[in-house]
Each structure stands twice: as structure tokens, then as C-alpha cells.
Amino acid sequence: MSDLSFVRTEMLPEKEPPASTVGAIGWARENLFSGWFNSILTVVSLTVIYYVLSTLLTWAISPTWSATSLGECRDILAEVGREGHYAGACWGVIRDRWIQLLFGFYPSELYWRPILAFILLGVALAPVLFSDKVTPKLLWFSAVFPFLFPWLLWGGTIWAPLAVIAGFVIGWFVYKAVDASAGSLAGIIAAVVAAVVWWMFLSGYVVNGVPNPDDPNAVGGLNALLPIGIEAVESRNFGGFMLSITIGVVAIACSLPLGIVLALGRQSDLLIVKALCVGFIEFIRGVPLITLLFVASTLLNIFMPPGTNFDIILRVIIMATLFASAYMAEVIRGGLAALPKGQYEGADSLGLNYWQAQRLIIMPQALKISIPGIVSTFIGLFKDTTLVSIIGLLDPLGLSNSIRADAAWNGIVWEIYGFIALMFFVFCFAMSRYSMYLERKLHTGHR
Amino acid sequence: MKKTVFLGALTVAGLAAGAAAAGTLDDVKARGKLNCGVSTGLVGFAAPDANGEWNGFDVSVCRAVAAAVLGDPAAVEFVPTTGKTRFTALASGEVDMLARNTTWTFSRDVDLKFTFVGVNYYDGQGFMVPKELGVSSAKELDGSTVCIQTGTTTELNLADFFRSNNISYEPVPIETNAEAQQQYLAGACDVYTTDASGLAATRATFENPADHVVLPEIISKEPLGPLVRHGDDEWGDVVRWTLNALITAEELGITSANVKEMASAAGNNPEINRLLGTEGNLGEMLGLSADWAVAALSSGGNYGEIFEKNIGENTPIGLSRGLNAQWTEGGLIYSPPFR
């Protein structure tokens, strides 16, 4: 018997897969050319992409960074042999004006203040946004920051933000005092009244002293005793992205809690609360933001007594906040509606009262469901801040008009808009990615 | 929280304002700053430079008034206003005066209750067409497409002009001047129409300005001038006579270069002496210091200097004086006498 065998007795060594199914070629075959239809689509798409990119890049890559006027840009481009209306971008305008586009008319020696304010904003937001990675002790800073932020941006005496904090402290003590004798509802009402009286009537006297009719610029009160402060910057000097971010951040931060309250109010059984909330939401959602901005900028001016100095940026922030909070309320109501009834009943059966149930059971789930909608509203709000250019505030879009009004840069359009678009994209994309991170983090596997 | 800061501040501000309600002139002096409404940006007339300093033809009027009242041409808060917010800003007292290429019309003067204190630029609506169209008169524009800013008087003037000449056109509505430039260059419309000064500024930005012509027809009167609120005539006088001082100074040959020297001692010309305060008490009558006109003229020079510096023939905009020449040279710029 021979040891001839017709069956292989040992394994062949493993071979590499065929070159046409792995690597770049394999990927392309599988994803781009998997059939005649897809192949055609791929070729067409590549042609379009090539066409767009080749046009855009030849325009964008342009040696005009150091030019000081549009005419100089054209000279530079003509020197390298590029002629025509779209021969190349004129980036000199960005070099000349990018600081203005970022800070508006803020005094240049004080740029450190908005920069510091926005860095500290990141620090204050860290314990809120990344609660698992940052020590919760930073929350104390987050609580102080809402008072620090306007002080850094607007400047002025340190006593103004302290007076506002004092209002909260007064409210707290009044609440404690009344709560002990007359119950918690009376306590809350008394605390609010006490704080409002302090803010509206008393704090002005304490900080600035009794107004002197002969000399309105005289200082008194704490300002005269201990004049601690930094140089005040008027709202008119705010502009550019600083203005957009200021309006956006404050409106975002205020609209979320307001929206939650409105959403809860809309679901409430209390008739008046419900009617107020529904009326507010439907009214605000029923008018365009531009209308509200015009009310802020022109109508309020007429209603207020002449000479009253109602800060235009604060007017705009209030309007933007109200506008966003109405949308926010509806987004959160969507989250509330998505919760199964069992969650509410479960909370009741545990003996939790209304606020405990909301805080511990309902809101964490409803907010988690609403994250995409909430962030969409935030992004929309941030982009809506550009509407303020219509009422004469020089946000980036308003500034683009002012920059073009300089005889040196008149006629430049795409470069400025491109820069503004890029900046907005960076902020909005960051918000969007954060929301996706948050969704992944809060994903508890109920799907 | 921001609201509350603000409400506290508002109360204080309100109390202070209630105590200090007086004429605008006193307000400005007490404040130490002039609040002047300007355009958010119009080539040659108002624009901020890279350092945030405002410059331009209208801006110079603000600076002259600030210099006359406060002695300091830098003591101005420029409040950028849009076409929609400018009148409420003035009516509500947010600004003390408006120098924002605003056309003096009957309804704005009478119905909106403003006082136009004079005219610092006589403008009019014109047409620009590409040279290759071979058009030499606006009456040959039958059937053309016209780029026009919506919601302005230019739109109405255009309709009137074409109707009265019995020719047809197709409007292409646009929102801003920048958009108009793009549309016109892209060939979306045959004709661009706006104020002649705007056309000149737009044409100056083109790669080949010589390829475009501004047609000779001017189809509207657009006297542009600074304005103040009705009912405060003292303040209106201050602004009016500051503007007149700039105009008279050009007529009398007073420039920013020689004003200091001429004001140092009374000369032979009594009107110069009265204007510069070396004779008479015109400043006192206005409630200003005697050298108010000297300060105003030192800020940016006389009317002619301001014109040449911002929109004149040596600037990219390159406007000739035309209607805006002194009356002695065949223009309309004319100031009542200082006596």
C-alpha cells in the first residue's frame, strides 16, 4: 500500500485575501462601485466635488493676506496673472478687521476682560456640562459666575453685583423668618417681595447714595465710601462675536429654567397658572423674533420716560430669552408627554410630593428625551442673535455692513461672510457634538 | 439675574433723569457727550475704521457739533441706526441729533415732528448701466430689468419716472447695497438705481469702473441733512448754525489750517470776526462759548474740506461738487449771514 493520499492531510497556510477585496480598492469596490448605478453616481459625484473644490480653492488660496484695500488685492492678483471678478479672495479685509469682528468697539486695552469672562464661562460650565469629570466643588464658582460675568463685561463698581447678591440673601432670610411663623407659601411670597423691593428701590440708594438733583453725576453711598471697581464699558461698544455670544449665552442659560417652569405650568391643574403659561407660550410663538426686537428697540423707547437709560443689549437679551423660553417650553412638554403614565403613578405611589417627583423622577427622564430638541433650540437661538443687526446693533453681520462702508473695503462680500459663517459653524457644531456626547452618556439602555 | 441688575440701575437712572430734564443743549453739556445717530455704514458718509473710529461726511457734522458745544470733537457717542430705527431713536431721545443721510421731506418734517436744520448734501436718484448696453439716456431703458432697494423712496421715484415717460421696466427687488452690487455685476439686472452718491461709491469698487456709466438723468430731489426733534429750538439753532458755520467758513476762506491764526485777533472782515468770536457775541446768543465756531472748524475743517476729505474727487468715491458747490460757484450750498 502506497502512502499516496488523495486527501490533503495538513492545513494550507492562511493566505491574504485577494487584493481586490481589501484595503482601499476593496473599500471602493464595496462602497463606491458595487453596481452600474452606484458607479455612475460615484463618478458624477466626484466630478461635482472636483468642480466645486477646484473653483472654491483657487478662489480661496490667494496671496492677498497683507493687502490694505480691495484695489491692492486686485493689483496683487493681477501681478500673479489672475484677472476677473472672482479671480481670488481678498483676505486683507479679515487681517484688518478680524479683531473688530470678534470684539466690536470694545476698548482694545480691556480685551482681557471679555477673554477672561469667556474662559471663566468655560470653567463655570464645566461642572454642569461634564459632571462626571469635574469636581462638584466648582459648582460654587458656577453659582457666583452669573454675577461675575456681567461685571467683567460691563465693568463699573463692584457694589452693583454685590447688591444683587445681597437681594438673594435678603430674600433667603425673609423666607426663613416668615416660613417659621406663617408657612412656606407666605414665606416665598414675602421673600420675593423683599428681594424686589431691595433691588428696585433700596439698592440704588445704598450703592449710589441719594440722587443729587443738582449734579446727576455725583456719587454717594458705598461708591463714595469704598470706590472699588473697574472701568465701565458702555453697551454701545459691544459688537461682533462678543455681542452674539453674550446674548446667546445669557439667553440660553435663562431660557432653559424658564422653559421648564413654563412647560410644567402648561401641564398644571391650577387654572390661572395654566392660562398664563399657555397664553405666554402661544403669544410669543405667534410673533416673529424680529417683531419682539423692534418692540425692544423702538416701542419701549417711546413708552419709557424720556432720558431713561434702558440698556439696549439687556432689552435684546430679555426678548431673546422670552422667545427661546417659549420654544423651550414646548420642547420640554414633548419630553414630558413621552413619559409613560406609569412614571407619574410610580412617583405618586412612593409618596413623593409634586416637586420631589418632578426633580427625582420626571424631569431627569423628560430632559433626557428632549436633549436633541433643546440643543436645536439653543443653536437656533444663537444664530438668531444675528437678527439684532436689524435694530442697529453691530453684531458680526451688522459689522460686515460697516466694514464694507469703509471706502477701502467697499465691494467685498464673500470673504467677510465666509469668515462669519466659519465662526458660527464652529460654535454650533461644538454644541451639536456636545449634545451627542450627552445623549451617549445618559443612555441607560431602555431601547 | 441680569434683569435685576438692570432694574436697580434703571431706577437710579430714572431718578437722575427726572431731576435733570431740561433742554437738549443743557443735557448734552451735563452729559459731556453728544449722542449722534449715524448710519450703520455708508461709504463716504459714515463708517468705522479698524480701530472703531467713525469717519465720514455725516460723521464730520456730528464732530463739528460736539466741538462747538463741548469743545472736543471726540466727545461724541455714535449710535448706529438703521433706516427703520433712526426716527424712533431721535424721537425717543436716544440720540440728540441725527446725521444719517436722511432726505428732507414734507411728511418727515411735519408729520414725524422733526426739524431739518439744513442740507449738507444735495443728492438725487440716478441710474447706472454697463457701457456695452450703449444706452445714453434713461428714457431708452424701455423693457429693462432694474435692481432696486425695496421699501425706500427710490422705489417710488422709479415707478413715477417710468410711468410718466410711458416706458416699462421689470424691478429686481434687493435688500442692501452689497446685494445690489453682486446682482448687478452678475448680470441679474441691466440697470442699478439708487442715489447718485451711492452709484458713484458702488462704481468705484468695480474692477473696471470705466465699463459702467451713470446716466445723466437725475429723477428725484434728495436733500440730505441733519435733523433734530421738534420743540427744542435752542438745540435746533445750535446744530443749524454749526452747519452754517462750516458752510460760511468755506465761503470766507477759513480753513482748519488758518482758523487758529484768524481767530487770534480781529481782522478786517467783520463777518469773519463775528463768526470766530473776535467781535460781537454770537456764541453767547447760542448759549455756547465765544470760540464755538473755531472749535467746530478745527475738528475737520470747513464744508469744502470735509467734502474733499470724505467724498471728494481725490477719494475713491470721487464725487464732484456739482449741486453741492458754494452758491458763489453755481451750487446750492448757501448759508444765511452771520450777523
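The values are calculated or read from the model by the stated rules, or taken from the named source; none is laboratory data. What you see is a predicted model; the values in this text were computed from it and never measured. Please note: Cβ atoms are built from the backbone with ideal geometry, for glycine as well, and neighbour counts cover all protein chains shown. Each accessible area value is taken on the protein alone, full model and side chains, heavy atoms only, with ligands, DNA and RNA left out. Shrake-Rupley method; radii C 1.70, N 1.55, O 1.52, S 1.80 Å.
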For segment B:306-339, name all the residues that are without any contact (Cβ under 8 Å) to a residue 12 or more places away in the chain, open to solvent by 20 Å² or more (accessible area, probe 1.4 Å) and outside any helix (DSSP H, G or I). B:E313, B:N314, B:S320, B:G330
Sole exception among (1) closer than 30 Å to A:I420 by Cβ; (2) within 24 Å of the chain's Cα centre (by Cα); (3) of a type outside the set (A, V, I, L, M, F, W, C) for A:G334, by number: (1)
Which one of B:R108, B:R100, B:R86 is more than 9 Å from every other protein chain (Cβ to nearest Cβ), of a type in the set (K, R), crowded, with 20+ Cβ neighbours inside 10 Å and in contact with a Leu (Cβ under 9 Å, 6 or more places away or on another chain)? B:R100
Is it the case that A:L299 is within 14 Å of chain B (Cβ to nearest Cβ), at pLDDT below 90 and more than 30 Å from B:V95 (Cα to Cα)? no
Could you look through segment A:246-278, keep only residues that are of a type in the set (G, A, S) and within 29 Å of A:P146 (Cα to Cα), and pick out the one that is most open to solvent (accessible area, probe 1.4 Å)? A:A253
Where in segment A:81-179 are there helices (runs of 4 or more DSSP H), lying fully within it, with 1 or more residues that are closer than 30 Å to A:T386 by Cβ and β-branched (V, I, T)? A:92-103, A:112-129
Of residues in segment A:99-132 being open to solvent by less than 20 Å² (accessible area, probe 1.4 Å) and within 12 Å of chain B (Cβ to nearest Cβ), the one nearest to A:L422 (Cα to Cα): A:L101
Please go through segment A:233-245 and give me each residue that is assigned to a helix (DSSP H, G or I), within 13 Å of another protein chain (Cβ to nearest Cβ) and either open to solvent by 10 Å² or more (accessible area, probe 1.4 Å) or on the phi < 0 side of the Ramachandran plot (or both), ordered by number. A:S235, A:R236, A:N237, A:M242, A:L243
Take A:I412 and tell me if it is within 14 Å of another protein chain (Cβ to nearest Cβ), over 24 Å from A:L314 (Cβ atoms), in a helix (DSSP H, G or I) and not small (G, A, S). no
Suppose we filter A:L399, A:L394, A:L422 for residues that are within 30 Å of A:F294 (Cβ to Cβ) and out of contact with any helix residue (DSSP H, G or I) (no Cβ under 9 Å at 6 or more places or on another chain); which single one remains? A:L422
Out of (1) at pLDDT below 85; (2) within 35 Å of the chain's Cα centre (by Cα), what's the single condition that is false for A:T64? (1)
Of B:Y169, B:Y184, B:Y192, the only residue that is of a type in the set (F, W, Y) and open to solvent by 30 Å² or more (accessible area, probe 1.4 Å) is B:Y169
Being over 28 Å from A:G92 (Cα atoms) and within 14 Å of chain A (Cβ to nearest Cβ) is the filter here; which residues of segment B:25-61 pass it? B:D26, B:D27, B:V28, B:K29, B:A30, B:R31, B:G32, B:K33, B:L34, B:N35, B:C36, B:G37
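Quick one: in segment B:227-249, of everything that is closer than 30 Å to B:T154 by Cβ, of a type outside the set (K, R) and out of contact with any strand residue (DSSP E or B) (no Cβ under 6 Å at 6 or more places or on another chain), which residue is surrounded by the fewest Cβ atoms within 10 Å (Cβ to Cβ)?
Checked segment B:227-249; the qualifying residue surrounded by the fewest Cβ atoms within 10 Å (Cβ to Cβ) is B:N244.
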